[in-house]
Amino acid sequence: MNTPKTNDRLTQWASCAGCAAKMDAQTLAEVVRRLPATHDPNLLVGMHTSDDAGVYRISENLALVNTVDFFPPIVDDPYDFGRIAAANALSDVYAMGARPLTAMNLVAFPKSGLALDVLHEILRGGADKLAEAGVALVGGHSIIDPEPKYGLAVTGLVDPARVVTNAGARPGDALVLTKPIGVGIISTALKQGLAGARTVAQAVESMAQLNRRAAELMVECEAHACTDITGYGLLGHALEMATASGVALR
């Protein structure tokens, strides 16, 4: 891994690290609920359940899965930041039991203060993760922003009869986690200069790991529901699943 030489720690350019920059769920829900409802029989999964991605049926046996995800740096290494951001965006598609197909870069980068080599490494990390997932990078969009941000808009495919949502949990179901939780604590410690190198390295590899195999097994085992645990943590996303499914979680 060839990290550009810079005296700046990438996390110091971010007011909040990673998904901690997300608008809180209650505020976001208040804004979204005032938007006009979409009445389209082919929209199988929309905004009303706060799911990971939208699903739109285009034929009897095929539906499009759409998602977008981007955030400020969660680690200091630009290449790792790109890998993590790409894996995070792809996970929204995997969480629906779908196969990601194409992706578009979303980039915000300061006009000065950070070398363009840093941006190159971020994009290289994202491109390498997409290649690992077998996803085609088809373009993107960039803006000038004092705070660097990176992510992807991803499109996938799924059989409408096999969509997995956050609204299908049933009484008696067991909650299975496919990755360790707690990386948010580590990323916060990293931003404050309190995290050890070994701990950070383990967290990076966990965050950069694709959820592809977990998604394949989930579909094979006919899981009733799924969600991607990110910025709102285990309790926040569990609450969304419980609310969408009309059940309680213990």
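Averaging Cα coordinates gives a centre for segment 222-250 and one for segment 105-178; these two points are 21 Å apart. Which one, [x] -0.35, -0.95, -1.56; [y] -0.40, -0.93, -1.33; [z] -0.31, -0.83, -1.37, gives log10 I(q)/I(0) by the Debye sum over Cα atoms at q = 0.08, 0.13, 0.17 Å⁻¹ as derived from the coordinates shown? For log10 I(q)/I(0) by the Debye sum over Cα atoms at q = 0.08, 0.13, 0.17 Å⁻¹, the calculated option is [z]. In segment 63-93, which residues have a backbone nitrogen under 20 Å from the label point lying 7 Å from Thr27's Cα in the Cα-to-Cβ direction? The answer is 69-74, whose backbone nitrogens lie closer than 20 Å to the label point.
Do the sum for the chain: with -39,500 (n - 2.57) for every DSSP H run of n ≥ 4, divided by all residues, what is the mean residue ellipticity at 222 nm, to the nearest 500 deg cm²/dmol? Mean residue ellipticity, 222 nm, calculated: -10500 deg cm²/dmol. Using Cα pairs closer than 8 Å and at least 6 residues apart in sequence, work out the relative contact order for segment 129-250, in percent. It comes to 38 percent, rounded to a whole number. Packing around the peptides 68-76, 110-118, 84-92, taken as the average count of other Cβ atoms within 10 Å per residue, puts them in this order, highest first: 84-92, 68-76, 110-118.
Ranking Ile144, Val55, Ala133 by Cα position along the charge dipole of the chain, where only Lys, Arg, Asp and Glu carry charges on their C-beta atoms, puts Ile144 farthest toward the positive end. In the full protein context, the chain carries 55 Å² of accessible surface per residue, based on a 1.4 Å probe and ignoring ligands, DNA and RNA. Surface composition of the chain: carbon plus sulfur atoms hold 57% of the accessible area, using a 1.4 angstrom probe and ignoring ligands, DNA and RNA. For the chain, the residue among Leu114, Ala189, Ala98 whose Cα projects farthest onto the positive side of the dipole built from Cβ charges is Ala189.
Return the FRET efficiency for the residue pair Arg9, Leu239: r is the Cβ-Cβ distance, R0 is 41 Å, and the value is rounded to the nearest 0.05. Efficiency, from the Cβ-Cβ distance: 0.75.
Taken about its Cα centre, the chain carries a charge dipole of roughly 240 debye when the Cβ of each Lys and Arg holds +1 and the Cβ of each Asp and Glu holds -1. Extension gain, Ser142 to Leu249, is 34.5 nm, computed as 0.36 nm per intervening residue step minus the present C-alpha separation.
Charge dipole (Cα centre; +1 on Lys/Arg Cβ, -1 on Asp/Glu Cβ; no other charges) of segment 202-250 amounts to roughly 120 debye.
As a test of reading the structure, rank His120, His224 by solvent-accessible area (1.4 Å probe, protein chains only), most first.
Greatest to least solvent exposure: His120, His224.
Could you tell me how many degrees, from 0 to 90 and to the nearest 10, lie between the Cα long axis of helix 197-208 and the main elongation axis, the longest principal axis, of the Cα atoms of the chain? That helix lies at roughly 40 degrees to the long axis. If you line up the long axis of helix 78-94 against the longest principal axis of the chain, both from Cα atoms, how many degrees apart are they, to the nearest 10? The helix 78-94 is inclined about 0 degrees to the chain.
Remark: relative contact order (the chain) = 26 percent; criterion is Cα-Cα distance under 8 angstrom and separation of 6 or more residues.
The values are calculated or read from the model by the stated rules, or taken from the named source; none is laboratory data. Here the structure is a predicted model, which means the values were calculated and not measured. Here Cβ is always computed from backbone atoms with ideal geometry, including for glycine, and neighbour counts include all displayed protein chains. The protein model used for the area step is the full one, side chains on, heavy atoms only, and it has no ligands, DNA or RNA in it. Shrake-Rupley method; radii C 1.70, N 1.55, O 1.52, S 1.80 Å.
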